[in-house]
């Protein structure tokens, strides 16, 4: 189980994350939601060890990020929002590099790299430098790299960005099967439709603090809402954009 307890991150000008606590249990996909500037990315960066919390703690089963950071990070696969890669490498070279850094045995690594390239539709482009790849192709390489070492926890920051329909459907099915084996997913996204389809439980942030946490069905029932989008708008106090939208249309049609 991933446990975040009292996570806080303060910068000189603001507190980005303020005493946030949540858990991700084995077999669960937890949606992590919030408007821009709410602290989602800062939380994700703390969970994967890219930022050090000002206070609070993170543990994954018996591994603490503060006490045993290498063991903690070894059990995580991470897909960032932007697909930054060593684009002078081919996809095969990049995945091989990641596997070696993860200390995978060569026979295991070779088999997994080839199979993942085939399954993600990258086999025919395996000798191409990734500088020629589209954003969606680069995203598929990152997804492959995150899964390569069979992690206990996948941390995904807008993982469907740039994916085509077939790749998105494949990845949704993959995530559901992944957690059926007792693994966990922390899923940060603006795609509320995707979150509603694949996440059993959600945490919603506003201004760096948790404003709602429950199963999707319970949140909808408690607010008599037809969709997760309506729940999100309510708890984050989103304004009604209908008047602005009408004004824009009137402007361009006048």
Please work out if residue 89 is touching a strand residue (DSSP E or B) at 6+ places or on another chain (Cβ under 8 Å) and either surrounded by 15 or more Cβ atoms within 10 Å (Cβ to Cβ) or at pLDDT 95 or above (or both). yes
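Would you point out the residue of the range 193-228, among those that are part of a helix (DSSP H, G or I) and within 23 Å of residue 45 (Cβ to Cβ), that is modelled with the highest pLDDT?
Checking each candidate, the answer is 198.
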A careful count of residues in the range 52-77 that are closer than 15 Å to residue 157 by Cα and either in contact with a helix residue (DSSP H, G or I) (Cβ under 6 Å, 6 or more places away or on another chain) or free of Cβ contacts under 8 Å to residues at least 12 places away in the same chain (or both) gives 1
Per the filter on the range 18-51, residues out of contact with any helix residue (DSSP H, G or I) (no Cβ under 9 Å at 6 or more places or on another chain), under 19 Å from residue 146 (Cβ atoms) and part of a strand (DSSP E or B) are 24, 30
The lone condition residue 149 fails out of (1) modelled with pLDDT under 80; (2) over 22 Å from residue 34 (Cβ atoms); (3) surrounded by 12 or more Cβ atoms within 10 Å (Cβ to Cβ) is (1)
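Within the range 95-112, can one find any residue that is part of a loop (DSSP other than H, G, I, E, B), at pLDDT 90 or above and surrounded by 15 or more Cβ atoms within 10 Å (Cβ to Cβ)?
yes
Listed here are the residues, each with its yes/no results for (1) touching a helix residue (DSSP H, G or I) at 6+ places or on another chain (Cβ under 6 Å); (2) surrounded by 17 or more Cβ atoms within 10 Å (Cβ to Cβ).
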site: 127; (1), (2): no, no
site: 137; (1), (2): no, yes
site: 143; (1), (2): no, yes
site: 157; (1), (2): yes, yes
Residue hits (the range 36-66; at negative phi, modelled with pLDDT under 90 and surrounded by fewer than 16 Cβ atoms within 10 Å (Cβ to Cβ)) are 36, 62, 66
It is to be established whether one or more residues within the range 170-185 are under 26 Å from residue 37 (Cβ atoms) and touching a residue at least 60 places away in the same chain (Cβ under 8 Å). yes
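Can you report the number of residues in the range 182-192 which are outside any strand (DSSP E or B) and either buried (at least 22 other Cβ atoms within 10 Å of the Cβ) or modelled with pLDDT of 85 or more (or both)?
Residues in the range 182-192 being outside any strand (DSSP E or B) and either buried (at least 22 other Cβ atoms within 10 Å of the Cβ) or modelled with pLDDT of 85 or more (or both): 2 in total.
The values are calculated or read from the model by the stated rules, or taken from the named source; none is laboratory data. Keep in mind that this is a model prediction, so the values were computed, not measured. Counting neighbours? That spans all protein chains shown, and the Cβs are built from the backbone with ideal geometry, glycine included.
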